[in-house]
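The values are calculated or read from the model by the stated rules, or taken from the named source; none is laboratory data. Quick caveat, the model's predicted, so the values are computed rather than measured. Cβ placement follows ideal geometry from the backbone for every residue including glycine, while neighbour counts extend to all protein chains displayed. Calculation scope for accessible area: heavy atoms of the full protein, side chains included, ligands and nucleic acids excluded. Shrake-Rupley method; radii C 1.70, N 1.55, O 1.52, S 1.80 Å.
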Amino acid sequence: MRKLLFVLFVLISSAAFAARPVMDSLANQVKIWTKRPASIHRDTMLVTAWSKYTYYSIYFHEKNTPQRLDSLESLTKKIKWKVGEGLLLINKSFHASYFQNDFSRGLELGLKAKDILDKTKNYEAIATVKVRIASIMLWNIQNIAISKNEFLNRGMKISEEIYALGQNINNHEIKCLGLIYRANFLNTSGKYNLALNDLKKAEQIIQENRVEYLTKNLVFGMLSTTYNVLLDRKNANHYSEITLNLAEKQQDYYSLLSIYRFKAEHEALRLNFTKSQEYLEKSYEYSKKFGVTKFISMAEGLLYGFYKFKNNKEKALEFLEKYKAHEDSLAIEKTQKIYADYDLATKQSRIHQLENQRLIDEKQSQEREISYLKIFKAKEDSIFAQKNEKIQSDYNLAIKESKIKALENENLMTQANKNQLIRNILILSLAAGLGFALYFFRNNKKLRAKNREIKAALLEGQTLERKRVAQELHDNLSAKISGIRWRLESIQPSFETEKQGQIYNSTINALAEVYTDVRLISHNLLPEELETKGLKTAIEKLVDELNSLGKTHFIYNASETLGRFESKIEYEIFSILLEVSNNILKHSQATEALVSLEKIHNNLVVKITDNGVGLPENSEKKGMGMPNLRSRVASLKGKIEFINKAGLSVEMAIPV
């Protein structure tokens with residue numbers, strides 16, 4: 001134990017004077033407890049102090065973080081304290097998700113810590129692990145496999161549990177964290193004013209009580225972000241400055257690079273490009289100090305765009321080359337992860353194939369066994385028939401040889417025995433046949449259940465992939481298109497000919513149309529309403545979005561009693577309607593279109609009609625999407641018809 005304490009003391013001494021007051025204060029706490037006489041109280045307080053010191057070390061991305069985490073693990077093993085084991089797992093969870101960008105591992109360790117700490121009565125540690133789990137949920141929202149509403153409900157529940165724990169033990173720090181994370185989940189659901197109320201309550205607690213640096217940083221940073229979303233620039237800048245002052249005192253590189261990027265964007269919107277350049281360069285410097293490739297690459301990309309806009313070709317080329325090098329590095333990491341995920345998915349797929357093959361082999365084996373039993377039964381029936389013939393022959397011979405009364409009685413007895421034997425054999429044969437039929441039916445039922453599981457897993461995988469693609473379109477592609485359009489509009493060049501001006505204006509208009517298309521696709525690739533409320537509500541929202549484009553006016557009629565259908569049917573019909581409406585907007589020149597849904601007998605009848613120019617000749621060969629529509633309807637065992645008269649009417653009947 002003395003050797004371990006010496007190692008802790010050396011690690012603390014090597015980190016002294018780190019220009020971070022909070023780290024110096026935590027290091028001093030560890031030193032104080034290290035020098036105290038050995039006791040249970042000393043050991044538990046030392047683990048608590050070292051755990052908090054390691055947590056902040058992870059947050060600041062300090063170089064000695066891995067060694068500090070190893071020392072915490074060694075200390076925890078020596079002391080054998082359950083709360084200490086939970087605190088170690090919390091730090092490992094934070095390190096995996098924040099330092100190594102492995103959120104799956106981070107969540108696994110966080111849940112393991114929760115299982116350990118739930119069995120203790122250390123409510124502060126229990127609240128800390130709940131904060132860790134809530135943080136991972138927010139950072140990894142794009143990979144959540146459940147619906148958005150369920151995700152938000154779970155997040156709100158965890159946040160309220162954190163706040164309740166803080167109230168129970170009168171801990172202002174924990175109450176603040178509960179309000180912060182509830183505000184985070186409210187912001188994610190678009191309820192910005194409710195989020196602002198929680199953040200103002202947290203600010204009031206900070207003003208009246210002493211709380212730690214990270215809690216203050218989160219409150220003021222989120223207040224700035226929320227006011228910015230609500231377009232209150234004055235308050236957004238006010239809280240941004242407070243966060244900046246706090247971060248500069250602690251040399252918090254992550255907060256500083258984020259704040260200066262926010263300030264650069266704000267100055268660019270005000271057309272103050274000198275200040276915007278200054279803040280972008282500061283953000284870049286802090287990104288390099290923080291040392292995370294993703295943030296360095298982001299800053300280099302922004303500087304490349306800025307210098308290109310300012311027509312500084314030399315600087316633009318310099319940052320483009322740096323940006324490309326870092327993006328290539330990130331792409332290699334991402335590709336390696338994709339290959340690893342693909343390898344895992346391939347192995348799982350192979351397991352399913354082997355399982356299905358095993359069931360098929362079992363079924364074939366059962367069929368062969370039944371075949372052998374039928375042959376055996378046929379042979380037994382033949383032998384039995386031969387025996388019956390012999391008995392009959394002997395009986396006839398006995399009748400002819402003697403008319404004695406005793407022989408007649410014996411003949412009657414023989415006949416009775418024969419009838420009893422036949423009945424017994426028939427009963428046994430019937431029972432065996434029923435047994436084989438039941439065995440065969442049960443095994444078929446297992447095979448069908450397995451097939452249903454495979455189909456469900458495939459549908460779940462497709463749903464996750466659609467969510468991922470929609471997120472990528474919305475967060476990445478649409479932002480880049482918007483940025484390109486903004487840069488083009490900011491140029492305001494003078495042209496030598498009118499044709500050049502027309503080309504420039506048509507390019508900007510085309511970018512606006514592409515942005516609208518990408519936004520529409522990302523919103524409707526797998527809309528939340530389709531999962532939670534069904535086809536009828538999802539189409540109603542789609543029609544509202546189509547009408548907001550101002551091109552063709554869509555009218556929607558649906559039966560009031562229309563209920564829910566299978567997920568595959570709802571998704572395919574929604575995709576068909578999306579494709580047909582897209583064709584109407586692009587090709588039909590229609591002013592009005594009608595979408596109707598009704599259930600007739602056992603069929604769902606869907607009609608989309610417009611007053612446009614109709615289909616051109618040979619439209620199936622010109623890429624109008626008709627073969628794709630026929631294929632989708634065929635997959636639902638339905639029928640589709642195109643009526644090209646006074647516009648176009650697409651009519652479908654899907655069995656439900």
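Odds and ends about this structure:
- For segment 204-215, the set of residues classified as within 17 Å of ASN235 (Cβ to Cβ) and in contact (Cβ under 8 Å) with a residue 24 or more places away in the chain consists of ILE206 only.
- Close pairs (6 angstrom Cβ cut-off, 6 or more residues apart or separate chains): within 17 Å of ILE569 (Cα to Cα) and free of Cβ contacts under 8 Å to residues at least 60 places away in the same chain in segment 580-606, surrounded by 15 or more Cβ atoms within 10 Å (Cβ to Cβ) and of a type in the set (Gly, Ala, Ser) anywhere: ASN603/ALA653; VAL605/ALA653
- Close pairs from segment 89-113: first at positive phi, partner at pLDDT below 90 and not in a helix (DSSP H, G or I), Cβ under 9 Å, at least 6 apart: ASN101/VAL292
- Candidate set from segment 156-188 (those that are touching a residue at least 40 places away in the same chain (Cβ under 8 Å) and in a loop (DSSP other than H, G, I, E, B)); member that is farthest from ASN228 (Cα to Cα): ILE169
- Scanning segment 248-285 for residues that are assigned to a helix (DSSP H, G or I) and within 33 Å of the chain's Cα centre (by Cα) yields a count of 17.
- Each residue in segment 548-583 was checked for being over 21 Å from ILE600 (Cβ atoms) and open to solvent by 50 Å² or more (accessible area, probe 1.4 Å), and 7 pass.
- Residue within segment 241-253 that is without any contact (Cβ under 8 Å) to a residue 60 or more places away in the chain and acidic (Asp, Glu) present: yes
- Only one of THR243, THR215, THR293 that is open to solvent by 20 Å² or more (accessible area, probe 1.4 Å), touching a helix residue (DSSP H, G or I) at 6+ places or on another chain (Cβ under 8 Å) and β-branched (Val, Ile, Thr): THR293
- Search result, residues across segment 21-42 that are in a loop (DSSP other than H, G, I, E, B) and either surrounded by 12 or more Cβ atoms within 10 Å (Cβ to Cβ) or touching a Pro at 6+ places or on another chain (Cβ under 7 Å) (or both): ARG36
- Of all the residues in segment 107-119, those that are at pLDDT 90 or above and more than 13 Å from LEU165 (Cβ to Cβ) number 9.
- Restricting segment 626-656 to residues that are assigned to a loop (DSSP other than H, G, I, E, B) and open to solvent by less than 70 Å² (accessible area, probe 1.4 Å) leaves a set whose member that is modelled with the lowest pLDDT is VAL656.
- Considering (1) open to solvent by 40 Å² or more (accessible area, probe 1.4 Å); (2) assigned to a helix (DSSP H, G or I); (3) among the charged types (D, E, K, R), the lone condition that GLU545 does not fulfil carries the number (1).
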